[in-house]
Amino acid sequence: MSQAKLTLALSKGRIFEETLPLLRAAGIEVLEDPEKSRKLILPTNRADVQVVLVRASDVPTYVQYGGADLGVCGKDTLIEHEAEWGGAGSVGLYQPLDLKIAKCRMSVAVRADFDYANAVRQGARLKVATKYVAIAREFFASKGVHVDLIKLYGSMELAPLTGMADAIVDLVSTGNTLKANHLVEVEPIMEISSRLVVNPAALKVKRELIRPILDAFAQATA
Ligand code: PRT
Ligand code: MG
């Protein structure tokens with residue numbers, strides 16, 4: 001009888017690196033280094049577990065459609081993915097654990113010479129560039145601030161510098177990127193960490209494979 005195989009979706013970089021210790025706690029060793037290999041499917045020490053490497057923003061999609069049984073992605077990515085599908089809870093992804101890895105915060109930043117507080121006080125209409133349009137829309141709506149959102153896919157820092165936007169909404173961890181581009185953080189929006197997401201059908205069908213991993217991850221992040 002062919003054995004069921006478990007597929008875990010991860011993105012290269014910080015999420016892969018920071019998930020490795022959790023996998024190890026579950027007795028799983030990834031056998032290849034994604035920075036050295038061009039492979040997109042990585043074997044592990046367990047014949048019944050494999051890792052697939054996808055873009056960070058594609059992790060929820062892979063798990064939703066069953067291309068992977070489970071995955072790890074930032075809360076930012078999850079919120080934006082769910083917004084595309086009609087809001088929180090609409091996608092039906094099971095989110096059992098905050099893994100407390102790849103931590104950062106979502107913030108508003110502006111050019112050092114832009115008086116954000118004053119612009120908000122005056123009720124000015126702000127041009128805001130971001131990759132995180134759902135989070136930005138919800139945040140400014142809750143403040144009653146009118147914004148024109150400009151969707152970008154990266155290098156948000158450039159938007160205020162070129163005059164295209166008054167502000168950006170982006171992730172900040174050390175603050176070095178903002179500093180290097182003469183931007184200042186003016187308002188935090190939310191704390192971000194990475195979550196485990198599980199396909200609900202997989203959880204039923206592959207329960208005996210998934211359950212011990214959930215338990216080991218829960219213990220390692222407690
Ligand atoms: O890079 P790609 O377009 O493929 O996707 P991605 O940027 O979503 O992936 P990746 O691997 O960069 O980030 C994956 C997840 O890590 C994000 O979804 C966040 O949940 C989390 N994370 C944690 C971060 C950061 N910290 C972070 N600092 N993601 C991005 N950054 C970027 C930030 O956007 C900014 O450009 O790093 C820069 C700021 O860092 P500091 O240290 O200079 O403040
Ligand atoms: Mg990135």
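Only the coordinates and a few stated rules stand behind these numbers; no lab work does. Values in this document were obtained by computation on a predicted structure and should not be read as measured data. Quick reminder, even Gly has a Cβ in these numbers, built from the backbone with ideal geometry, and neighbours come from all protein chains shown.
Taking every alpha-carbon pair under 8 Å whose residues sit at least 6 apart, the chain reaches a relative contact order of 27 percent. Is region 66-108 best put as rounded, prolate or oblate by its Cα gyration tensor, with a ≥ b ≥ c the root eigenvalues, rounded for a/c under 1.5, and otherwise prolate when a/b is larger than b/c, oblate when not? Oblate is the answer for region 66-108, as a/c is 1.5 or above yet b/c matches or exceeds a/b. Computed across the chain, the Kirkwood radius stands at 18.9 Å (inverse of mean 1/r, all Cα pairs). Using the rule -39500 (n - 2.57) for each DSSP H run of four or more residues, divided by the residues of the chain, the 222 nm mean residue ellipticity is -9000 deg cm²/dmol.
If R0 is 30 Å, what FRET efficiency do you get for residue 201 and residue 26 from their C-beta distance, rounded to 0.05?
About 0.90, to the nearest 0.05.
From largest to smallest, the equivalent ellipsoid semi-axes obtained for region 2-105 from the alpha-carbon gyration tensor read 23, 16, 13 Å. Approximating the spin labels as points 7 Å out from Cα along Cα→Cβ, the residue 222-to-residue 4 distance works out to 2.5 nm. With R₀ set to 25 Å, the beta-carbon distance separating residue 125 from residue 155 gives a calculated FRET efficiency near 0.60.
Could you work out, for region 125-222, what percent of all Cα-Cα pairs fall into each 5 Å distance bin, beginning at 0 Å and stopping at the bin that holds the largest distance? Pair shares across the bins are 2, 11, 18, 17, 12, 8, 9, 10, 9, 4, 1.
Here's the picture: a label point sits 7 Å out from the Cα of residue 65 along the beta-carbon direction, and within region 13-57 the residues with their amide nitrogen under 18 Å of it are 40-41, 52-57. Legend: calculated FRET efficiency, residue 174 to residue 100, from the Cβ-Cβ distance at R0 = 25 Å, rounded to 0.05, equals 0.90. Straightening the chain between residue 191 and residue 14 buys 62.0 nm, computed as 0.36 nm per residue apart minus the Cα-Cα spacing.
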